[in-house]
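A short worksheet on the structure shown next.
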Amino acid sequence: RAEKLIHKDQLDAKNMETEITRNESELEQVITTLKTFENLDEIISRKDSELKSVRSEITQMSGALAASKEKLGNEQEKITQNKTKIEESKKWEIKFKLVSQYKEWLEAFFVPTIIQIEKQVLLSILQNFNETYHRWYSILVEDQSKESRIDENFTPIVNQDGYEQEIGYLSGGEKTSIALAYRLTLNSLMRKETDSMKSNLLILDEPTDGFSKNQLGKIREVLDELKSEQIILVSHEKELETYVDNIFQISKQDGISKIVRMS
């Protein structure tokens, strides 16, 4: 029995030695592991610093991302607006091309045609205009050596002894005679050709400026030739008062115009 106890104790001792060896090995591993944590505070501090840096970068990136999103939204809005403008521009381009075609047609065909028609119409009335003008001119102008006609541009032309004269070099009375003859011709033809101008009233403002006494005497003949039921003459010439039925004198005093019937 004692041997058995000894044998058992020996086995227990052996197992205990094995357990001690194992525990010593584990202890060494623990000690080795503990040595790795000697600089743990420094590592934690470094990691905290790295964490702060990362958080700062994240904050910056978040701000940059928000700004980029806003910029992207603005750019997308601009793109939408530009697309709308492009569509509008395309519509205006179509309209422009159409208007350009109209313009080309007007310039190449319509306007030249109208000009040609106008020339033909003007030429058709030029002879009648010339005849009427010459009749008035011959009544008003004293110098029979001077002749006047209307050219194709409806401009009065004066000739004397075969030479054309500048109207600017004519006397005041001659200029007035030409102007009055032209005005009377226009009035006659307009009243004849246009329904809206068929009026019995004719107003002549200073028609005898620069006239000689002999020319003033011809005004009665002009008034008779006009055959107008009512004529208003505005003039400073006393001699014309004998040619009219009613005389009104207009004067101004203290800035106020007064009209007095003289006859």
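The values are calculated or read from the model by the stated rules, or taken from the named source; none is laboratory data. Because the structure is predicted, anything quoted here is derived from the model rather than measured. When we count neighbours, we look across all protein chains shown, and the Cβ atoms used for this are built from the backbone with ideal geometry, even at glycine. Side chains included, ligands, DNA and RNA excluded: accessible areas come from the protein's heavy atoms. Shrake-Rupley method; radii C 1.70, N 1.55, O 1.52, S 1.80 Å.
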* To do: Could you run through the stretch 135-165 and say how many residues are open to solvent by 40 Å² or more (accessible area, probe 1.4 Å), of a type in the set (Asp, Glu) and under 30 Å from residue 116 (Cβ atoms)?
  => 2
* Which numbered condition trips up residue 257, out of (1) assigned to a loop (DSSP other than H, G, I, E, B); (2) over 23 Å from residue 138 (Cα atoms)? -> (1)
* Test: residue 233 is within 27 Å of residue 126 (Cα to Cα), modelled with pLDDT of 85 or more and either exposed (fewer than 14 other Cβ atoms within 10 Å of the Cβ) or not hydroxyl-bearing (Ser, Thr, Tyr) (or both) -> no
* **Residue that is farthest from residue 223 (Cα to Cα) [pool: residues in the stretch 118-142 that are touching a strand residue (DSSP E or B) at 6+ places or on another chain (Cβ under 8 Å) and not hydrophobic (A, V, I, L, M, F, W, C)]** => 130
* Asked: For the stretch 166-182, does any single residue satisfy the condition of being surrounded by fewer than 11 Cβ atoms within 10 Å (Cβ to Cβ) and not in a helix (DSSP H, G or I)?
  -> yes
* Structure fact -> Of 209, 224, the only residue that is acidic (Asp, Glu), surrounded by 13 or more Cβ atoms within 10 Å (Cβ to Cβ), under 29 Å from residue 242 (Cβ atoms) and at pLDDT below 85 is 209
* **For residue 147: the one exception among (1) within 29 Å of residue 210 (Cα to Cα); (2) of a type outside the set (A, V, I, L, M, F, W, C); (3) modelled with pLDDT under 85** => (3)
* Structure fact -> Picking from 107, 118, 38, the residue that is outside any helix (DSSP H, G or I), modelled with pLDDT under 90 and more than 30 Å from residue 173 (Cβ to Cβ) would be 38
